[in-house]
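Please read the structure below before turning to the comments.
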Amino acid sequence: MPEMNIGDFLVYLYDLLGWLLGVIGLHSSAVSLLQKLVAGFVLANFAMLTPIFTIWLERKVAARFQDRLGPNRVGPFGLFQSFADIVKLVIKEDITPVGADKVIFNIGPVLAVMSVVGIWAVIPFASTMVGTDINVGILYSVAVGAIGTLAIMMGGWASNNKYALLGAFRTVSQLVSYEVPMIVALLVPTLLAGSMRMNDIVAEQQVWFIVAAPLAMMVFLVSSIAEVGRAPFDLLEAESEIVAGFHVEYTGMKFGVWMLAEFVHAFTISALAAVVFLGGWRGPLVDQYPLLGAIYFLTKTYVVYMVLLWIRVTLPRVRIDHMNALNWKFLVPLSLAVLVVTALVGKAVPADVSAGGRALVLFLSNVALAVVSISLLAGFSRKLQAVEQVSIDSSGAGG
Amino acid sequence: MNATPIIFLVVAALTLVAAFLVVTVRNLIHAALWLVATLFGVAVIFVLLDAGFMATVQLVLYIGAIAILIVFAVMLTRRVMQDVGPQRNSNWWLGAIVAAVFFVAISSLLWRTGWPALPGGDVGDTVLALGRSLVNPDQYVIPFEVASVLLIIALIGSIAVALPGKQSE
Amino acid sequence: MLSLSWYLTFAAALFALGMYAVLARKNAVAILMGVELMLNAVIVNLVAFWRYGNPMDIAGQAFAVIVFAVAAAEAAVGLALIISIYRQRDTVMAEKIDLMKW
């Protein structure tokens, strides 16, 4: 028997479970089915229970950003605040609106959570710890995420409330639009790694892809923030301007499930960014102790999550026309340009150049692209300001 | 003994039930959601056929794009769709007969034909081969390019058609 | 082991249901759903033939990819037409769209 190190501890547990089930006389296919079910259960619960911590983290960090204390009453440092919130949500009255389509109304939030939790099936925690390493991992994560859009549509429509329906329309138009730059940005690491398998992408990052494709990472992060619908893209449910978006009719724990989906989604895109751009489980000594990979991965995920938080508490909410303009006039062309440039430069660099040199060349091409797009933007904004100035002048003269 | 036939039968039956509901329920939103269920079932069938890429494309394209477009269209044209009156035309029984005859004829032919048995061995990673074949000048690069031109034309055309024109005011 | 006929029968049933929707439904969007069902049945056939034919020859999947693209284009243009007709005539019932009918 090979030396069992701590890194493969979970794999060992997994095999032990299989052995135990085999001993009690189960058929081998039933054993593997049960093993997979148990692993899936554990993974899904990991994803769904994380918000208990991240909600606390988010409130605490946001409070510090805004010179407040944040939750500090329930438990040490207010750590149990989330549990208090859950209790509050559970004991609230659960209202189903009159004329609502009950089945669809109830399936909506469940589907939203499912679509996010499903992504965790392909995320590699460590080289050996991955739910299922299918060869179309990245495409799968996009595909499963797309179901969330449908869930929002269902929730908004089934509420039998025109404001909820309008909110759903707005949300879906934002989500569908921002899917385009997100998918194109994810194509860049796919191109660099030459595979859509998550573990291959991680294994290919001797130099993290954030070096070779910083613009792609930026586009990915911005469009995924829009996908989640958090600040500065939370105009869909802007609490201070409109009541809520598609979930205006949801109460109690059903509303809580929508919030759960949103928080898990935010954590999931952090994890995706960590896997695809920050080298996932890669780090020192990871070859000897694979379990270290999971620690590296989670650290990177939390770093990305902190950046998302930082963006959230810093930037003001965007206007809806700005939201659409940013996507179609900036992110989509930029992401396509990044894709083409990466493909061309990647082909132009000779094959015998080391990974570091290749990444450097790609980084420089990205910098050049960034300079070009910033100067274009500056010219555009000057033109816009000139037009506004003219209109102010003329209106001043007219009045 | 493996579980594929059982999974196939269950999934196929559920998919066909969902498809039957798509074509029969009155409420068009329900029909669209049953369509999503049908498309999901077909994605599972693709997985059973070792075409994982096809299954994910089915999810991205059909559920992520086409189904949402259809739901959008149903909702945008909702005023006249309060599900009043029959949702089928007066010749529906003729359509049913044609469809039934078609199905019986095709399937009776299918079961009389001797098909090749399932080739043994693992299919392996087909994504790479598929990608290569789509850009290989000796294989399918021209259909691929034509498809991309078609998509661009469809994009521009649908925007031009759906854009509210000036004369429609 | 499942024979190819099972998959083809499944696809034929899907196609027949789609055909029924196209022939019998009044609503243009529902007709379009039927068309989508039929296209999906075609893709099932292509993939099944690829799997049972020669899996090393990727032609079946390549064809299916092209059909996917055609389906996307068809849905986009079809729904745009339906919305345009709805704007002009305030109906999406296929029977009422009879300006060109003799």
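By a straight-distance test (C-alpha under 19 Å), which aspartates and glutamates pair with A:Lys347 as possible cross-link partners, with residues fewer than eight away in the same chain excluded?
A:Glu204
Leaving out same-chain residues fewer than 8 places away, which lysines sit with a Cα under 28 Å from that of A:Lys36?
Qualifying lysines at Cα under 28 Å: A:Lys300.
Viscosity 1.306 mPa s, temperature 10 °C: Stokes-Einstein D of region C:4-96 from its Kirkwood Cα radius, in µm² per second? Numbers along the way, then the final one.
Working: Rh = 14.4 Å.
Result for D is 110 µm²/s.
So what are the three principal axis dimensions of region A:173-287 from its Cα atoms, in whole Å, longest to shortest?
For region A:173-287, the Cα extents along the three principal axes come out at 49, 28, 21 Å.
Mind putting a number on the dipole of chain B about its Cα centre? Charges go on the C-beta only, +1 for Lys and Arg and -1 for Asp and Glu, and I need it in Debye to the nearest 20.
Numbers: 7 positive and 7 negative charges, 133 e Å.
Taking the Cα centre of chain B as origin, the dipole is about 640 debye.
Most mobile of C:Arg51, C:Arg89, C:Arg25 per a Gaussian network model of chain C (Cα springs, under 10 Å)?
For chain C, modelled as a Gaussian network with Cα springs under 10 Å, the answer is C:Arg89.
Across the Cα atoms of chain A, what radius of gyration and what greatest pairwise Cα-Cα distance (Dmax) are found, in Å?
23.5, 91
Excluding residues fewer than 8 places away in the same chain, name every one of the aspartates and glutamates whose C-alpha is closer than 16 Å to that of A:Lys329.
Answer for A:Lys329, where 16 Å is the Cα cut-off: A:Glu179, A:Asp321, listed by chain and number.
For chain A, set up a Gaussian network in which alpha carbons nearer than 10 Å are linked by springs, and say which option among A:Ala143, A:Ala386, A:Ala121 fluctuates the most.
A:Ala386
If one computes the Cα centroid of region B:109-165 and of region A:134-191, what distance in Å separates the two points?
24 Å
For the ranges A:319-327, A:163-171, what's the packing order if you count other beta-carbon atoms within 10 Å of each residue, average per peptide, and put the highest first?
Numbers: A:319-327: 14.7, A:163-171: 21.0.
Taking the mean over residues of other Cβ atoms within 10 Å, the ranking is A:163-171, A:319-327.
Please list A:275-281, C:40-46 highest first by mean number of surrounding beta-carbon atoms within 10 Å per residue.
Values: A:275-281: 27.7, C:40-46: 24.1.
Order by mean packing, descending: A:275-281, C:40-46.
Just report the Cα centroid separation between region B:33-50 and region A:264-301, whole Å.
First find each Cα centre; the distance between them is then 32 Å.
Would you mind estimating how fast the protein assembly as shown diffuses translationally, via Stokes-Einstein at 20 °C and 1.002 mPa s with the Kirkwood radius over Cα pairs, in µm²/s? Before the final figure, lay out the partial values.
Values: Rh = 27.3 Å.
Taking Rh from Cα pairs, D becomes 78 µm²/s.
Take the Cα pairs of region A:108-189, get the Kirkwood Rh, then feed it into Stokes-Einstein at 20 °C and 1.002 mPa s and tell me D in µm²/s. All intermediate terms of the calculation are to be shown ahead of the outcome.
Numbers: Rh = 13.9 Å.
Roughly 154 µm²/s, to the nearest whole number.
Count, for each residue of A:151-161, the Cβ atoms from other chains sitting within 10 Å of its Cβ, then give me the mean as a whole number.
Values: counts 0, 1, 8, 5, 0, 1, 7, 2, 0, 0, 0.
Across the residues of A:151-161, the mean count of other-chain Cβ atoms within 10 Å is 2.
Go through A:Lys92/A:Lys162; A:Lys60/A:Lys92; A:Lys88/A:Lys162; C:Lys26/C:Lys96; A:Lys60/A:Lys254; A:Lys102/C:Lys26 and tell me which ones have a Cα-Cα distance over 18 Å in this structure.
Numbers: A:Lys92/A:Lys162 24 Å; A:Lys60/A:Lys92 25 Å; A:Lys88/A:Lys162 28 Å; C:Lys26/C:Lys96 9 Å; A:Lys60/A:Lys254 25 Å; A:Lys102/C:Lys26 27 Å.
A:Lys92/A:Lys162; A:Lys60/A:Lys92; A:Lys88/A:Lys162; A:Lys60/A:Lys254; A:Lys102/C:Lys26, as the Cα separations exceed 18 Å there.
Taking the Cα centre of chain A as origin, sum charge times position over the Cβ atoms of Lys and Arg (+1) and Asp and Glu (-1), and report the length of that vector in debye to the nearest 20. Walk me through the numbers before you get to the answer.
Numbers: 24 positive and 25 negative charges, 110 e Å.
Value, rounded to 20: 540 debye.
Return an integer: the convex hull volume of the alpha-carbon atoms of chain B, in Å³ per residue. Don't jump to the answer; show the numbers that get you there.
On the way: hull volume 32.1 nm³, N = 169.
It is 190 Å³ per residue.
Among A:Val136, A:Gly75, A:Leu175, whose Cα lies farthest out toward the positive end of the dipole of region A:32-180, if unit charges sit on the beta carbon of Lys, Arg (+1) and Asp, Glu (-1)?
Comparing the listed Cα positions along the dipole, A:Gly75 ranks first.
When ranked by the protection proxy of mean other Cβ atoms within 10 Å per residue, highest first, what sequence do the peptides B:35-47, A:98-110 form? Mind dumping the intermediate values first?
On the way: B:35-47: 22.8, A:98-110: 16.5.
Top to bottom by mean Cβ count within 10 Å: B:35-47, A:98-110.
Can you give the relative contact order of chain A as a percent, counting alpha carbon pairs under 8 Å and 6+ residues apart? It would help to have the intermediate numbers written out before the result.
Numbers: 521 pairs, mean separation 78.8, N = 399.
This gives 20 percent for chain A.
How well do other chains shield peptide C:46-58, expressed as the mean number of their Cβ atoms within 10 Å of each residue Cβ?
Partner-chain Cβ atoms within 10 Å, mean over residues of C:46-58: 6.
Every number in this text was worked out from the coordinates using simple rules, so none of it is lab data. Quick caveat, the model's predicted, so the values are computed rather than measured. Cβ: placed from backbone, ideal geometry, glycine included. Neighbour counts: every protein chain shown.
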